[in-house]
Amino acid sequence: MSAPRTLYDKIWDDHVVHTSDDGTCLLYIDRHLVHEVTSPQAFEGLRMTGRKVRAPEKTIAVPDHNVPTTAGRDKKIDNEESRIQVEALDRNAKEFGINYYPVSDIRQGIVHIIGPEQGWTLPGMTIVCGDSHTATHGAFGALAHGIGTSEVEHVLATQTLIQKKSKNMKVEITGSLRPGVTAKDITLSVIGATGTAGGTGYVIEYCGQAIRELSMEGRMTVCNMAIEGGARAGLIAPDEKTFDYVKGRPHAPKGAKWEAALAYWKTLFTDEGAHFDKVVTIRGEDIAPVVTWGTSPEDVLPITAEVPDPASFTGGKVGAAQRSLDYMGLTPGMKLTDIKIDAVFIGSCTNGRIEDLRAAAAILKGKKLAPGVRGMVVPGSGLVRLQAEEEGLAQIFTDAGFEWRLAGCSMCLGMNPDQLAPGERCAATSNRNFEGRMGRGGRTHLMSPVMAAAAAITGHLTDVREIMDAAQHA
Amino acid sequence: MDKFTTLTGIAAPMPLVNIDTDMIIPKQFLKTIKRTGLGVNLFDEMRYTQDGQEIPDFVLNQPAYRKAQILVAGDNFGCGSSREHAPWALLDFGIRCVISTSFADIFFNNCFKNGILPVVLPEAAVQHLMDDARKGENARITVDLESQTVTASDGTTFSFEVDPFKKHCLLNGLDDIGLTLEKASAIDSFEAKNATLRPWA
Ligand code: SF4
């Protein structure tokens, strides 16, 4: 009998094309997702060397990062540089014959949302994209991670990637989550516990009852932010929920291939007794709704806490915390719930799926944005947008005073016109609170969709559980 | 890709932890379709005011460090996005080596693809080199990839680890794709095998 293996070990083993003496492997890539920002130089490289895309049928491209989210964008993109980048992708997709969802296509959206939506993402696959949030696809039990543009070119030309194996890390969330606590709170709390470098050099497998109890969309939210914890990829073993989600999607296998795939997918779990190099366990009951206070995703605290004193940290973090507080315009000791906001952003590959919009809409129903606060909802894909309109969610958002936009990355990184003004403070469902991320001088507090909705109503960071309680007693 | 063998140059101190890729090259400069020309926007939001004036305090604006070729930085350098624009901007500015206690994974890989050497050293060594770098252009640090050493201006030498394959490629300026294409027959046979084992993929 062979030694017990982790889920990561199994997927890895099934994709090794070649192993060198020093342990460097050539890994086969099943799906390559491509977007407009990190690909132009890679296609240019192919042209310069006269190389082709080796497996165009396994390559899927979509513009998402700098497309405007307002009407008319399929006719004309005003920002010239953005337009050039999108046009370059149009041209490259055509020239190299790869799968493509242009802005005019209803299926266009954030690359990590449309991969699963269209059934490109399947359990047991290796998936790469020139984008760090590729980890999202790990929710299906696929080994998925971000790569740089040189590697994009390498995958385009060879359908392989040169890799050294990472270490195995297990993150177990035991028990069940309490009301008002979501997948976003799990993933932020894990980063809070391990730090942004805690996962460096590891592939994380998330497991435990609380993870099993999450929907596929919740699992995607968890894996999405594995990279914020420094991990190359996050994984969750596939189960019936996974298979149900995948079944019937446009690019999922059908008939006999489906049966064969299912039999294989059911072998994708970590064997009893397999070795993990690092284990982190968190009790689901202990996780509270959280927000970030600083400019690193590890700056996480329960909403009931206070802004920390930089002196309470050690080493280089003392200076970093002070710099964060200066940038964020906060003083130690103030209650997090006293932090007033100017804007709310609901969207991104972390929380731009239909369940996220449903959850936020449930809090916002019949309510209004607090005076002076602007709100924007950006669905993760054209199909999510359509479904939200059919379910009446769009109406709830617009009635509350939110702008209802077309699909894209939008404010998450502010490459398109959707940005924060200097000093503007935003409750955001995205994944990075870096300085300038959402616009130069903009201040970001990361949180779940329900927490962002709660803040939208009150105009300050708010414990969503209070709003839920009030609704129950009304 | 340019080779990296040895480098003796001015090192700029950046004692900040978690320097992320958004700081290294803010997103407004990701709209380029070229690899070059990003050096002027390296660390843009720390380096210039909103109206484009240089911020004199920022290390790379100080006369001693305008020609720095080495960065000595705090923990977890390069965290955040996968944008290769970060190493492209460093390279375009003239930085060929970054020294820190730790690097984010994707950034670390991206460096090697662009002829930049990321060097991981223990905290005490980084501190020593940071203090050295603070002396400005009088302190020249030498990085030798072949012997895997960094030598401070006072002669103190630190050894570092580097992956043998990455070292080989960097020393010789080799193109990964060319190397992999030599293994095309292995890829062909993997694909043939895969077509029966996992036909849905
Ligand atoms: S939504 Fe944000 S994090 Fe996700 S792919 Fe787009 S820019 Fe990156």
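Structural remarks
For (1) surrounded by fewer than 24 Cβ atoms within 10 Å (Cβ to Cβ); (2) more than 16 Å from the ligand (Cβ to nearest atom), each residue gets a yes or a no:
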{"position": "A:H112", "(1), (2)": "no, no"}
{"position": "A:G148", "(1), (2)": "no, no"}
{"position": "A:E172", "(1), (2)": "yes, yes"}
{"position": "A:T182", "(1), (2)": "no, yes"}
{"position": "A:D185", "(1), (2)": "no, yes"}
{"position": "A:A197", "(1), (2)": "yes, yes"}
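- Total residues in region A:1-11, condition buried (at least 20 other Cβ atoms within 10 Å of the Cβ) and more than 11 Å from A:A274 (Cβ to Cβ): 1
- The set of residues from region B:123-166 being basic (K, R) and not in a strand (DSSP E or B) comprises B:R134, B:K135, B:K166.
- Once region A:413-433 is narrowed to residues that are away from the ligand (no atom under 11 Å from the Cβ) and of a type in the set (A, V, I, L, M, F, W, C), the residue that is farthest from A:V377 (Cα to Cα) is A:A421.
- Test: residue in region A:54-67 that is over 26 Å from A:D418 (Cα atoms), more than 16 Å from the ligand (Cβ to nearest atom), open to solvent by less than 20 Å² (accessible area, probe 1.4 Å) and at pLDDT 95 or above: yes
- For B:D92, the conditions (1) at pLDDT 95 or above; (2) acidic (D, E); (3) in a loop (DSSP other than H, G, I, E, B) all hold with the exception of (3).
- Residues in region A:437-461 that are in a loop (DSSP other than H, G, I, E, B) and within 14 Å of chain B (Cβ to nearest Cβ): A:R437, A:M438, A:G439, A:R440, A:G441, A:G442.
- The set of residues from region A:246-266 being more than 10 Å from chain B (Cβ to nearest Cβ) and either aromatic (F, W, Y) or under 26 Å from the mean Cα position of the chain (by Cα) (or both) comprises A:V246, A:K247, A:G248, A:R249, A:P250, A:K266.
- Residues in region B:148-201 that are at positive phi and either modelled with pLDDT of 95 or more or within 11 Å of another protein chain (Cβ to nearest Cβ) (or both): B:Q148, B:G155.
- Any chance A:T337 is open to solvent by 10 Å² or more (accessible area, probe 1.4 Å), in a helix (DSSP H, G or I), away from the ligand (no atom under 16 Å from the Cβ) and free of Cβ contacts under 8 Å to residues at least 60 places away in the same chain: no
- Considered as a group, the residues in region B:1-37 that are within 22 Å of A:L46 (Cα to Cα) and more than 11 Å from chain A (Cβ to nearest Cβ) include one that is most open to solvent (accessible area, probe 1.4 Å), and that residue is B:K3.
- Contact annotation: residue pairs with Cβ atoms under 6 Å, 6 or more positions apart or on different chains, pairing a residue in region B:95-109 that is more than 8 Å from chain A (Cβ to nearest Cβ) with a partner that is of a type in the set (D, E), are B:T101/B:D75; B:T101/B:E123.
- Of the residues in region A:156-163, at least one is within 14 Å of another protein chain (Cβ to nearest Cβ), at pLDDT 95 or above and part of a loop (DSSP other than H, G, I, E, B).
- Test result for A:S381, touching a strand residue (DSSP E or B) at 6+ places or on another chain (Cβ under 6 Å) and either within 16 Å of the ligand (Cβ to nearest atom) or open to solvent by 60 Å² or more (accessible area, probe 1.4 Å) (or both): yes
The values are calculated or read from the model by the stated rules, or taken from the named source; none is laboratory data. Source: prediction; values computed, not measured. As a convention, Cβ positions derive from the backbone with ideal geometry for all residues, glycine included, and neighbour counts pool all protein chains shown. Protein only, heavy atoms only, side chains kept; ligands, DNA and RNA dropped before computing areas. Shrake-Rupley method; radii C 1.70, N 1.55, O 1.52, S 1.80 Å.
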